[in-house]
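The values are calculated or read from the model by the stated rules, or taken from the named source; none is laboratory data. These numbers were taken from a predicted model, which means no experiment stands behind them. Glycine also receives a Cβ, built like all others from the backbone with ideal geometry; neighbour counts cover every protein chain displayed.
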Amino acid sequence: MPRMNGIEALRIIRAGERGVRDAQIPVVALTANIGPEESERFFAAGVNGFLGKPIDEHAAAR
């Protein structure tokens, strides 16, 4: 993302900042960096789900 990363965007969403209407909207992270440390960072920031690239179509359907 050009101006902020996904973690920063998620924190803004969860804090209800910058005109966010629904801070509890479901958010699924999609990233090529699928290590345990990265997924822990996303879950700590409030993500609801986590998918790694390349996308497994069966995992995405769940």
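Structure values in brief
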quantity: Filter result for G6 (of a type outside the set (A, V, I, L, M, F, W, C), out of contact with any Pro (no Cβ under 8 Å at 6 or more places or on another chain) and modelled with pLDDT under 90); calculated: yes
quantity: Boolean, G16 is more than 10 Å from the chain's Cα centre (by Cα) and at positive phi; calculated: yes
quantity: Any hit, the range 28-44, residues being more than 26 Å from D56 (Cα to Cα) and part of a loop (DSSP other than H, G, I, E, B); calculated: no
quantity: Members of the range 45-60 that are part of a strand (DSSP E or B) and either aromatic (F, W, Y) or surrounded by fewer than 10 Cβ atoms within 10 Å (Cβ to Cβ) (or both); calculated: F50
